[in-house]
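Questions regarding the structure given below will be posed in turn.
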Amino acid sequence: MSSLTGQLLIAMPQMQDPRFARSVVYMCAHSEESGAMGLVVNKTIDSLTVDELYRHLNIEAAPSNRPAPVHFGGPVEPGRGFVLHSPDYREEATLGIGEAFAVTATLDILRAIGKGEGPRRSLLALGYAGWSPGQLDAEIHANGWLSVEADADLVFDDAPESKWQRALAKLGVTPEMLSADAGHA
């Protein structure tokens with residue numbers, strides 16, 4: 001299977017794992033040798049806002065006019081933070097992904113965002129979704145996921161509850177059109 005780096009994975013309606021049911025995952029990396037890593041972009045952590053996380057980390061931030069959510073990036077290393085962002089911010093630890101996205105996992109990016117010097121668009125996630133070599137490919141072949149080109153407007157917008165349906169719409173389908181059986185529409 002070709003690399004899904006920079007794509008969105010869309011969970012099929014029959015996804016049984018509650019951590020991934022109706023999920024949209026931005027794929028940060030995918031290769032046959034090292035497996036895959038992505039960030040869930042449509043699930044938030046209800047008990048935590050970005051402002052609260054900044055206070056917990058003792059990072060100064062300009063007061064925001066509304067609470068920004070912290071996203072559930074996935075079940076792997078849930079205490080580790082990742083910032084998926086527009087490519088207008090770079091530091092040594094930044095991983096550029098195509099022309100429209102980058103990911104950085106340092107406190108420096110949080111400090112820059114807090115000072116208003118960070119990327120133009122960003123999404124803060126705790127944890128990530130990870131697959132061992134071949135695991136994601138097997139899940140796709142078992143009809144667990146669809147993929148579509150990533151769209152910055154969809155990824156970074158403030159309506160996580162509708163991202164799954166909108167990602168499906170990019171493929172021209174609705175949830176009712178999808179079959180649980182592999183090889184069927």
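The values are calculated or read from the model by the stated rules, or taken from the named source; none is laboratory data. The shown structure was predicted, so the numbers you read here are calculated from the model rather than taken from an experiment. Quick reminder, even Gly has a Cβ in these numbers, built from the backbone with ideal geometry, and neighbours come from all protein chains shown.
Just name the residue that is farthest from Ala152 (Cα to Cα) out of those in the range 27-57 that are touching a helix residue (DSSP H, G or I) at 6+ places or on another chain (Cβ under 6 Å) and crowded, with 21+ Cβ neighbours inside 10 Å.
Step by step, filter the range 27-57, then rank; the result is Ala36.
Regarding the range 44-51, can at least one residue be identified that is of a type in the set (Gly, Ala, Ser) and part of a loop (DSSP other than H, G, I, E, B)?
Checked against the condition, which is being of a type in the set (Gly, Ala, Ser) and part of a loop (DSSP other than H, G, I, E, B), the range 44-51 yields no hits at all.
Being over 14 Å from Val148 (Cα atoms) and either in a strand (DSSP E or B) or in contact (Cβ under 8 Å) with a residue 40 or more places away in the chain (or both) is the filter here, so list the residues in the range 1-27 that pass it.
Matches in the range 1-27: Met1, Pro13, Gln14, Met15, Arg19, Phe20, Arg22.
Output the number of the condition that Val148 fails; it satisfies all remaining conditions of (1) β-branched (Val, Ile, Thr); (2) surrounded by fewer than 20 Cβ atoms within 10 Å (Cβ to Cβ); (3) at pLDDT below 95.
It fails just one condition, (3).
Continuing with the same structure: What are the pairs with Cβ atoms under 6 angstrom where one residue, in the range 47-75, is under 25 Å from Leu9 (Cβ atoms) and the other, located anywhere, is surrounded by 12 or more Cβ atoms within 10 Å (Cβ to Cβ) and at pLDDT below 85? Sequence gap at least six, or different chains.
Val50/Ala68
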